[in-house]
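These notes are about the structure you will find just below.
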Amino acid sequence: MRVLLADSGAPWRADADLADDDLLALYAQEPGIRTNTVSTLDGAANGPNGVSDSINTPADNRAFMAMRANCDTILVGAGTVRAEEYGPAKPGFGRPAPLLVVVSGRGVVPATLIPPFGDGDPERGEVAFVTCASAGSEAVDTARAQLGEERVWVFGQDEVDLPAVAAQLATIGEGRVLCEGGPTLFTTLHAAGLVDEVAHTIVPHMIGGNHPRPLQGPSVDTRLALRHLIEGDGSLIGLWRVIR
Ligand SMILES: NC(=O)c1ccc[n+]([C@@H]2O[C@H](COP(=O)([O-])OP(=O)(O)OC[C@H]3O[C@@H](n4cnc5c(N)ncnc54)[C@H](OP(=O)(O)O)[C@@H]3O)[C@@H](O)[C@H]2O)c1
């Protein structure tokens, strides 16, 4: 992997392979929300198998792990957890595992979040499940029985109040948030003006067909300024900051 462009003024050499420490430095994160997306060159956000692992590349995965190592919290929608079978995060780059915060309107905890976990790994991070009042008290009680009282948060009436979730994460010291999807949650965060940085990878692959884009649904208007661009395995791996 090599840096093609970077805004930091650091002495990146375009011809040098990126070391882990350089990658961690490039993805250092301040408190706020960073989103991370991947798409094919023709704009698909998932592959033929309906999930994004069929379009990822090893270089994109390395950047993904560096972002996870730099955040306190992974924020993800229940649709992605169900499709990609997310469990609690694992540590990476020698850093502790981040908190996994899962957003669901219906309040039904995806099976992969419910302990015990097959690998029994004690270093997995914590989970918080966030739903809203319209999920109903029965769903909330079931979620609390499955995950533990303190791991189930209720914010908002008809949908999860994402500004309130962001405020809660900042209050508990978990405010460097990496949102890993999916398209529904990304779009809602952009529409609410909550996104500070956008990480996006374009993989050298075209698949046609009908697939979601990284943002889906209502229109948003987010302008971005490039912070860096990395190349690896033919993938273009960029980081942008949101212009306010
Ligand atoms: N290319 C990429 O970068 C990328 C990244 C992630 C995922 N994906 C792909 O995207 C697809 C999944 O897309 P998706 O749009 O369904 O994903 P999603 O945003 O993870 O899931 C949508 C679900 O999340 C919950 N949700 C999101 N925002 C909410 C809010 N404000 N209030 C209440 N609930 C909220 C709802 O869950 P309930 O149904 O439980 O109410 C909703 O049905 C999969 O194919 C996955 O592989 C691609």
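The values are calculated or read from the model by the stated rules, or taken from the named source; none is laboratory data. Fair warning: this is a prediction, and the values are worked out from it, not measured in the lab. A quick note on method: Cβ atoms are made from the backbone with ideal geometry, for glycine too, and the neighbour counts reach across all protein chains shown. Only protein heavy atoms, including side chains, enter the accessible area calculation; ligands, DNA and RNA are left aside. Shrake-Rupley method; radii C 1.70, N 1.55, O 1.52, S 1.80 Å.
Summary table below
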read-out	value
Which numbered condition Ala97 fails, given (1) touching a residue at least 60 places away in the same chain (Cβ under 8 Å); (2) open to solvent by 20 Å² or more (accessible area, probe 1.4 Å); (3) not assigned by TED's automatic domain parsing to the domain that holds Ile202	(1)
Residue match in the stretch 101-109 (condition: at pLDDT 95 or above, surrounded by fewer than 16 Cβ atoms within 10 Å (Cβ to Cβ) and either touching a strand residue (DSSP E or B) at 6+ places or on another chain (Cβ under 8 Å) or on the phi > 0 side of the Ramachandran plot (or both))	yes
Residue within the stretch 180-189 that is within 15 Å of Gly77 (Cα to Cα) and in a strand (DSSP E or B) present	yes
Top-ranked residue of the stretch 205-227 - restricted to ones that are out of contact with any helix residue (DSSP H, G or I) (no Cβ under 9 Å at 6 or more places or on another chain) and away from the ligand (no atom under 15 Å from the Cβ), ranked as nearest to Ala59 (Cα to Cα)	Leu226
Qualifying residue in the stretch 235-244 (condition: over 18 Å from Met67 (Cβ atoms) and either open to solvent by 40 Å² or more (accessible area, probe 1.4 Å) or in a loop (DSSP other than H, G, I, E, B) (or both))	yes
Yes/no for Ala83 being in contact (Cβ under 8 Å) with a residue 60 or more places away in the chain, among the aliphatic types (A, V, I, L, M) and open to solvent by 10 Å² or more (accessible area, probe 1.4 Å)	yes
Enumerated helices (runs of 4 or more DSSP H) restricted to the stretch 53-159, each holding at least 3 residues that are more than 20 Å from the chain's Cα centre (by Cα) and more than 15 Å from the ligand (Cβ to nearest atom)	137-147
Checklist (1) modelled with pLDDT of 95 or more; (2) part of a helix (DSSP H, G or I); (3) away from the ligand (no atom under 16 Å from the Cβ); (4) not charged (D, E, K, R) applied to Leu23, failing item	(1)
Residue within the stretch 69-81 that is more than 17 Å from Ala199 (Cα to Cα) and at pLDDT below 95 present	no
Top-ranked residue of the stretch 33-68 - restricted to ones that are more than 23 Å from Leu194 (Cβ to Cβ) and among the hydroxyl-bearing types (Ser, Thr, Tyr), ranked as most open to solvent (accessible area, probe 1.4 Å)	Ser54
Which numbered condition Glu30 misses (of (1) modelled with pLDDT of 95 or more; (2) open to solvent by 50 Å² or more (accessible area, probe 1.4 Å); (3) not in a loop (DSSP other than H, G, I, E, B))	(3)
Hits in the stretch 170-181 (condition: touching a residue at least 24 places away in the same chain (Cβ under 8 Å) and farther than 18 Å from Ala63 by Cβ)	Ala170, Gly173, Glu174, Gly175
Selection count where residues are on the phi > 0 side of the Ramachandran plot and surrounded by fewer than 14 Cβ atoms within 10 Å (Cβ to Cβ), scope the stretch 149-174	1
